[in-house]
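Have a look at the structure below before the remarks.
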Amino acid sequence: MGDPNRLRILWALDREEMCVCDLARFIGVTESAVSHQLRQLRQLHLVTNRREGPILYYRLDDDHVRSLIHLALEHVREE
(Lines give C-alpha, C1' and ligand atoms only; values in the text may rest on other atoms or scores of the structure.)
Protein backbone atom coordinates (compact mmCIF):
# COMPACT_ATOMS: atom_id res chain seq x y z
CA MET A 1 0.00 0.00 0.00
CA GLY A 2 3.06 2.25 -0.04
CA ASP A 3 2.32 3.53 -3.54
CA PRO A 4 -0.44 6.17 -3.89
CA ASN A 5 -1.83 4.51 -7.02
CA ARG A 6 -2.04 1.13 -5.30
CA LEU A 7 -3.92 2.72 -2.44
CA ARG A 8 -6.28 4.45 -4.90
CA ILE A 9 -6.91 1.13 -6.64
CA LEU A 10 -7.68 -0.58 -3.35
CA TRP A 11 -9.94 2.29 -2.33
CA ALA A 12 -11.82 2.04 -5.64
CA LEU A 13 -12.18 -1.74 -5.32
CA ASP A 14 -13.53 -1.29 -1.81
CA ARG A 15 -16.58 0.26 -3.45
CA GLU A 16 -17.12 -2.16 -6.33
CA GLU A 17 -15.57 -4.70 -8.66
CA MET A 18 -13.88 -3.00 -11.63
CA CYS A 19 -11.98 -3.80 -14.82
CA VAL A 20 -8.58 -2.31 -15.71
CA CYS A 21 -10.04 0.31 -18.06
CA ASP A 22 -12.51 1.55 -15.43
CA LEU A 23 -9.79 1.68 -12.77
CA ALA A 24 -7.49 3.62 -15.11
CA ARG A 25 -10.19 6.21 -15.78
CA PHE A 26 -11.14 6.40 -12.12
CA ILE A 27 -7.63 7.11 -10.82
CA GLY A 28 -6.37 8.97 -13.89
CA VAL A 29 -3.46 6.80 -15.03
CA THR A 30 -2.81 4.51 -17.99
CA GLU A 31 -4.21 1.00 -18.23
CA SER A 32 -0.63 -0.26 -18.35
CA ALA A 33 0.14 1.43 -15.02
CA VAL A 34 -3.00 -0.05 -13.45
CA SER A 35 -2.16 -3.53 -14.77
CA HIS A 36 1.32 -3.29 -13.28
CA GLN A 37 -0.07 -2.29 -9.87
CA LEU A 38 -2.77 -4.97 -10.00
CA ARG A 39 -0.14 -7.63 -10.69
CA GLN A 40 1.66 -6.61 -7.51
CA LEU A 41 -1.56 -6.47 -5.51
CA ARG A 42 -2.51 -9.96 -6.72
CA GLN A 43 0.91 -11.33 -5.72
CA LEU A 44 0.32 -9.90 -2.24
CA HIS A 45 -3.16 -11.52 -2.14
CA LEU A 46 -4.83 -8.14 -1.67
CA VAL A 47 -6.96 -8.40 -4.82
CA THR A 48 -8.38 -11.23 -6.87
CA ASN A 49 -10.08 -11.37 -10.23
CA ARG A 50 -12.71 -13.16 -12.25
CA ARG A 51 -13.02 -13.45 -16.00
CA GLU A 52 -16.18 -12.55 -17.86
CA GLY A 53 -15.44 -13.25 -21.52
CA PRO A 54 -12.29 -11.37 -22.45
CA ILE A 55 -12.52 -8.96 -19.50
CA LEU A 56 -10.98 -9.45 -16.05
CA TYR A 57 -12.84 -7.87 -13.16
CA TYR A 58 -10.90 -7.16 -9.98
CA ARG A 59 -12.11 -7.01 -6.41
CA LEU A 60 -10.61 -7.05 -2.94
CA ASP A 61 -9.48 -10.52 -1.93
CA ASP A 62 -11.50 -10.64 1.30
CA ASP A 63 -12.93 -8.64 4.21
CA HIS A 64 -9.55 -8.58 5.97
CA VAL A 65 -8.16 -6.51 3.10
CA ARG A 66 -11.16 -4.19 3.38
CA SER A 67 -10.37 -3.68 7.07
CA LEU A 68 -6.72 -2.90 6.28
CA ILE A 69 -7.75 -0.30 3.72
CA HIS A 70 -10.12 1.39 6.14
CA LEU A 71 -7.42 1.48 8.81
CA ALA A 72 -4.86 2.90 6.36
CA LEU A 73 -7.25 5.62 5.17
CA GLU A 74 -8.15 6.47 8.76
CA HIS A 75 -4.45 6.79 9.59
CA VAL A 76 -3.86 9.10 6.60
CA ARG A 77 -6.77 11.32 7.61
CA GLU A 78 -5.34 11.72 11.13
CA GLU A 79 -2.10 13.24 9.85
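Ser67: modelled with pLDDT of 95 or more and out of contact with any strand residue (DSSP E or B) (no Cβ under 9 Å at 6 or more places or on another chain), yes or no? Don't jump to the end; show me each part of the working.
Working: modelled with pLDDT of 95 or more: no; out of contact with any strand residue (DSSP E or B) (no Cβ under 9 Å at 6 or more places or on another chain): yes.
Spelling it out, it is not the case that Ser67 is modelled with pLDDT of 95 or more and out of contact with any strand residue (DSSP E or B) (no Cβ under 9 Å at 6 or more places or on another chain).
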Quick check: anything in segment 32-47 part of a helix (DSSP H, G or I), in contact with a helix residue (DSSP H, G or I) (Cβ under 7 Å, 6 or more places away or on another chain), of a type in the set (D, E, K, R) and surrounded by 14 or more Cβ atoms within 10 Å (Cβ to Cβ)? no
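Hey, can you tell me all the residues within segment 55-64 that are of a type outside the set (Asp, Glu) and either surrounded by 15 or more Cβ atoms within 10 Å (Cβ to Cβ) or touching a strand residue (DSSP E or B) at 6+ places or on another chain (Cβ under 7 Å) (or both)? Outline the logic, then answer.
First pass over segment 55-64, keeping only residues of a type outside the set (Asp, Glu): 55-60, 64.
The answer is Ile55, Leu56, Tyr57, Tyr58, Arg59, Leu60.
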Picked from segment 42-66 (must be under 17 Å from Arg6 (Cβ atoms) and of a type in the set (Ser, Thr, Tyr)), the residue farthest from the chain's Cα centre (by Cα) is Thr48
Surrounded by fewer than 16 Cβ atoms within 10 Å (Cβ to Cβ), under 10 Å from the mean Cα position of the chain (by Cα) and not in a strand (DSSP E or B): is that true of Arg8 in this structure? no
If you check every pair at least six apart or on different chains, which have Cβ atoms under 8 Å apart with a residue in segment 1-26 that is at pLDDT 90 or above first and a residue that is part of a helix (DSSP H, G or I) and hydroxyl-bearing (Ser, Thr, Tyr) second? Val20/Ser35
In segment 19-31, which residue that is over 20 Å from His70 (Cα atoms) and of a type in the set (A, V, I, L, M, F, W, C) is surrounded by the fewest Cβ atoms within 10 Å (Cβ to Cβ)? Cys21
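The values are calculated or read from the model by the stated rules, or taken from the named source; none is laboratory data. Please read these numbers as outputs of a predicted model, since none were measured by experiment. Every residue, glycine as well, gets a Cβ built from its backbone with ideal geometry; the counts of neighbours run over all protein chains shown.
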